[in-house]
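Report on one structure; see the data block that follows.
No lab work stands behind these numbers, since they all come straight from the coordinates. Only a predicted model underlies this, so the values are computations on that prediction, with no experimental measurement involved. Counting neighbours? That spans all protein chains shown, and the Cβs are built from the backbone with ideal geometry, glycine included.
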Amino acid sequence: MEVARHERLIAKGAVRLDLDHYLEVLVRKPGAFPGSTALEQARSAGRFTPVHDAWWDQAKKMHGERDGTRALIEVLLLGRHLPHEHVVADLAAALRAGAMTADAVALEARKAAQAETEPGPAELLMAECDDRARRRSERRIKAANFPREKSLRAFDFDANPNIDAATVHTLASCEWIKNGQPLCLIGDSGTGKSHMLIALGTEAAMKGYRVRYTLATKLVNELVEAADEKQLNKTIARYGRVDLLCIDELGYMELDRRGAELLFQVLTEREEKNSVAIASNEPFGGWTKTFTAPRLCAAVVDRLTFNGAIIETGTDSYRLATTQAGPRNPPRLAE
């Protein structure tokens, strides 16, 4: 049984490290990838091209050093199923589209596979690409820690005319996340804020963004505990790294000054870099009940609205309306 085939080395004492042999280890430890001997030898052999480097640079700018490098390694793993020239072409296409995830490269690979004249290998490749993309999406959705499943498809826009479907579907493209812009969902209980927050967060995770969902009070409690244990900087940095932070139920409870200031630090860490989406049952004028210091309240509102989108979901509770309608009209939307 053939395990691997290596290039024959002529020079005495020469060592050839095949980058492909280390990919499973490197995807768990991406920090070992840059500057590695295997990478340099792959460059010298023409297997790691300037297109790889250009895509890698952009992925690191978008996702950070560690996750951008991991995305590249996942692309190299995908390349095991493709001719080398196809991988380079797919990377170039994804780079032009500004799509810096392995899923995007897999999509380009799928397009190329569909153009193949022989259907057998193309179908196998498409199945492999679909399976990889599905598993990655599932992992990102699970990591987001959503309390329940919600989708835009299940949202009943007819039941809440205050919410413009076109605006929401534009948000589902996630361009605002790419630009680090905020989103505020404001309205009374039962009007669909949490459904919308989770659904848009799920769309972002499916498109390759790192998402984290949390309740406002839970986040503040975590920050207070971290401060007491002298782990505050580490905790704030962890929340600062995700592409989209979804904060639900902001405004339901009054925060003491310390908790409000710690939450403000998280928002400041993310300002104009990574997106924050919040759902609140209080209009901005009522946020002084949550952030009792007027200047702090104004600063929080400023950070959550600057260059952002605001969706007002209204005051009519969908849950109450469906309850009053009786069991013959089961609800399609619940917050």
Within region 191-242, trypsin sites (Lys or Arg not before Pro) in DSSP loop having at most 14 other beta-carbon neighbours inside 10 Å: Lys230
Cβ-Cβ FRET estimate between Asp256 and Asp131, R0 fixed at 51 Å, reported to 0.05: 0.55
Highest to lowest packing among 153-159, 265-271, 295-301, 100-106, scored as the average C-beta count within 10 Å: 100-106, 265-271, 295-301, 153-159
Column: log10 I(q)/I(0), Debye, Cα scatterers of region 119-276, q = 0.13, 0.16 Å⁻¹: -0.68, -0.96
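All other residues with a Cβ under 9 Å from the Cβ of Val211 taken together, and with Lys, Arg as +1 and Asp, Glu as -1, what is their net charge?
On the way: positive: Arg140, Arg210, Arg212; negative: Asp243.
Summing Lys and Arg as +1 and Asp and Glu as -1 gives +2.
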Inter-label distance for Asp188 and Arg153, nm, one decimal - labels placed 7 Å from Cα along Cα-to-Cβ: 3.2
Net charge, Gly180 excluded, C-beta distance under 14 Å - Lys, Arg +1, Asp, Glu -1: +2
Cβ-derived FRET efficiency at R0 56 Å, Ser36 paired with Val224, nearest 0.05: 0.85
Overall dimensions of region 139-217 as given by Cα atoms, namely Rg and Dmax in Å: 12.3, 34
